[in-house]
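Structure, as structure tokens:
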Amino acid sequence: MNKKIFLLTIILVLIVLVIIAMQFTLYQRSVEEKLNVRLKGAYDVYYNFYQGLSFYNGLWYFSDREYIAATKSLNGTAVLENKLPISYDLYKEGYDHIGDIDVEDGVVYAPLEDKDYSKPLVALYDADTLKLIGTIGPLEQRHMPWCAVDSGNELIYSSEFSDVNEIYVYNMKGEKVRVIRLNATLQRVQGGDLEDRYLYLTTDDGGDWIYRVNIETGEVVRVAAVKTPYEMEGVEVHEGTLYALVGTPRWMKNKVYVFILYSSG
């Protein structure tokens, strides 16, 4: 009798867990269907905050071609900076361009291109000091305008710059482990950030569109357009809000446009 009660209890618990999982999946889908993007506003940011941005542990991290910094607010001044983030040895090998960064688990991941666009790396920096602590690569692509990190699964996502119909996925050794084929071809992809199973990409494609890619299916949808005469750069998504960095002429301050992804109206 006790065994029967025990087995029935186990079965009931499993049924409850399945119901909870189904409800959670339905909830996720309902939230996704309510994606309703609204421009909240824009911030002026420092002249050198040009290429990329990422939010981590209460700080905003920014990159330029040869510069990395961190601030306490979007429009704040640098509390950390590395004015020479590309080491002499890397510079001698032709590396001269940092793209849109990501910060995870105390590490700044910076895509680093060389002058010949032939051997991109991911440069690693300590998030507390911004000192160079290592590199990953070279990676199997030419351009590397951005990288986004899934620290839980130890994966790095990136793409080419032009004619982008694939997303490349690498492990932390720099080995390509997957290719996500897209159902559309994107041009002039500048930035990328990962949230859950979606990758958000910024483009300087003439319409300055932001796209969302389902990393499971490769489906691409338009999210919003940043109507600016200047150059779209990096992107950060944090707690349902998207931050798109726009680079302006060097005598002007750059802009960060803020979009609410799940607006109620």
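Applying 1/(1 + (r/R0)^6) with r as the Cβ-Cβ distance of ARG181 and THR77 and R0 = 45 angstrom yields a FRET efficiency of 0.60. Ranked for footprinting exposure by Cβ neighbours inside 10 Å, fewest first, PHE62, PHE55 give PHE55, PHE62. Given R0 = 30 Å, the distance between the Cβ atoms of ASP44 and GLU166 translates into a calculated FRET efficiency of 0.25. Any idea which of TRP209, ALA78, MET232 is furthest toward the positive side of the dipole for the chain, if Lys and Arg beta-carbons carry +1 and Asp and Glu beta-carbons -1? Result: TRP209, furthest along the dipole toward the positive end. Angle of helix 2-33 to the longest C-alpha principal axis of the chain, folded into 0 to 90 degrees and rounded to 10: 40°. Among residues other than ASP205 with Cβ under 14 Å from its Cβ, the summed charge is -3 (Lys and Arg +1, Asp and Glu -1).
Counting neighbouring Cβ atoms within 10 Å and putting the fewest first, the residues LEU199, LEU39, LEU53 line up as LEU39, LEU199, LEU53.
Between VAL221 and LEU35, the distance separating the two model label sites (each 7 Å from Cα on the Cα→Cβ line) works out to 0.4 nm. Here Cα Rg over 2.2 N^0.38 Å was calculated from the structure, and among [x] 1.34; [y] 1.06; [z] 1.12 it sits at label [z].
The range 174-228 and the range 130-146 have their alpha-carbon centroids 19 Å apart.
The phi-based Karplus calculation (6.51 cos²θ - 1.76 cosθ + 1.60; θ = phi - 60°) puts the 3J(HN,Hα) values of the range 50-57 at 10, 8, x, 8, 7, 10, 7, 6 Hz, whole numbers, x for Gly and Pro.
Bear in mind that the values in this text are calculations on the coordinates, not laboratory data. This structure is a prediction, so every number in the text was calculated from the model and none was measured. When we count neighbours, we look across all protein chains shown, and the Cβ atoms used for this are built from the backbone with ideal geometry, even at glycine.
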